[in-house]
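Down below is the structure, laid out as structure tokens.
The values are calculated or read from the model by the stated rules, or taken from the named source; none is laboratory data. If you're wondering where the values come from, they're calculated on a predicted model, not measured in any experiment. We place every Cβ from the backbone using ideal geometry, glycine too, and count neighbours over all the protein chains shown.
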Amino acid sequence: MKEKVEKIKYALVTGGSRGIGSAICIQLAKDSNYKLLINYKGNKEAAQATLEKVIELGGSGELLQFDVANAEQVNSVLDSWHENHKDAVIEVVVNNAGITKDNLFMWMKTEDWKSVIDTSLNGFFNVTNNLIQKLLVNRYGRIINMVSVSGLKGTAGQTNYSAAKGAVIAATKALAQEVAKRKITVNAVAPGFIVSDMTNDLDEKELKKMIPINRFGKAEEVAHLVSFLASEKSSYITGEVININGGIYS
Amino acid sequence: MMDKEEIIKKTNEFLIDEFEVDEEDICPNANLKETLELDSLDYVDLVVSVESNFNVKLNADDFAEIETLQDFYDVIEKKLN
């Protein structure tokens, strides 16, 4: 084998502009030497604000606009990024982009079923499938899939979201076995109720009664876990789903 | 256009250099997977080597046609021309 040339290492966070994704970018800037690739779909301002915080913390990175649900766009943006960064490797992939379109199953429209599957499940495929060969060649990598307590126990009103996240959990376990030999770990993180745009409309006062820790979690708390999984310290953990939910599911 | 001999020479060179194959083990009828001691994930290295040497990208369907080194040269030639 040829001697390995040291490449510039990047961590890609999809849906990195806001909420948990943004907190992950900031935590990785604090804890690691990775340059950040902050993916966003529509909110460039929020993505820019995240990048500025990363830079304030002494990190660096760039914005990458694409919709994870659009395979063609994902491939074209990531391929051209690699074309322009031949000395770089995306070593950490955090599949965080997700959407919800909640409704009782009996009222659920086909498009709301499909769009949630497209972003949360197919988005994982589109991004990870594009990057996996390069990770295999790199012989080291971290893939972290943001799932949800919904994907484990199911949540009423979220059959689409629960199905998508449950599928990603299964894919996490399968892919982990495929690539483990090359020191690539694949894990899933399953947050419960976390304060973010996604949970803005929920009644925290009412819901926290069912959470043993008696409050919603903070995005930073999730980011700490992701940062650990993204580090070399987590090297013997793969194919796992790690709950972070204040004790609601065990 | 690259002629067959050139393809074979170049391929053998990277097989020896990058995949640590002994020169005497290289013959057209040799089984590619066994000669290179490839496991399923190792094919990715072969894809990368072929791409960097010939600027063509092999996919899973191409490998389905390949059993021997001769097949391997043939597929590269087909892709190139």
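Observations on the model:
- Hits in the stretch A:63-113 - residues which are of a type in the set (D, E, K, R) and either within 24 Å of residue A:50 (Cα to Cα) or in contact (Cβ under 8 Å) with a residue 12 or more places away in the chain (or both): A:67, A:79, A:87, A:91, A:101, A:102, A:112
- Screening residue B:51 with (1) crowded, with 16+ Cβ neighbours inside 10 Å; (2) within 14 Å of chain A (Cβ to nearest Cβ) gives one miss only, at (1).
- Residue in the stretch B:64-77 that is surrounded by fewer than 17 Cβ atoms within 10 Å (Cβ to Cβ) and closer than 22 Å to residue A:132 by Cα present: yes
- Test: residue A:145 is buried (at least 18 other Cβ atoms within 10 Å of the Cβ) and within 15 Å of the chain's Cα centre (by Cα): yes
- Candidates A:184, A:117, A:132, A:99: the one that is more than 14 Å from chain B (Cβ to nearest Cβ) and modelled with pLDDT of 95 or more is A:117.
- The set of residues in the stretch B:13-27 being modelled with pLDDT of 90 or more, outside any helix (DSSP H, G or I) and of a type in the set (Asp, Glu) consists of B:22 alone.
- Residue check for residue A:77: assigned to a helix (DSSP H, G or I) and of a type outside the set (Ser, Thr, Tyr): yes
- Criterion (in a helix (DSSP H, G or I), under 10 Å from the mean Cα position of the chain (by Cα) and of a type in the set (Lys, Arg)) met by exactly one of B:10, B:78: B:10
- Evaluation of residue B:42 against (1) among the acidic types (Asp, Glu); (2) more than 14 Å from every other protein chain (Cβ to nearest Cβ); (3) surrounded by 15 or more Cβ atoms within 10 Å (Cβ to Cβ) (one fails), failing number: (2)
- Counted residues, the stretch A:11-34 - those being surrounded by 20 or more Cβ atoms within 10 Å (Cβ to Cβ) and not in a loop (DSSP other than H, G, I, E, B): 14
- Verdict on residue A:91 being closer than 23 Å to residue A:12 by Cβ, touching a Leu at 6+ places or on another chain (Cβ under 8 Å) and surrounded by fewer than 19 Cβ atoms within 10 Å (Cβ to Cβ): no
- Sole exception among (1) modelled with pLDDT of 95 or more; (2) exposed (fewer than 15 other Cβ atoms within 10 Å of the Cβ) for residue A:230, by number: (2)
- Within the stretch A:168-207, being in contact with a helix residue (DSSP H, G or I) (Cβ under 7 Å, 6 or more places away or on another chain), assigned to a helix (DSSP H, G or I) and within 17 Å of residue A:242 (Cβ to Cβ) holds for A:168, A:169, A:171.
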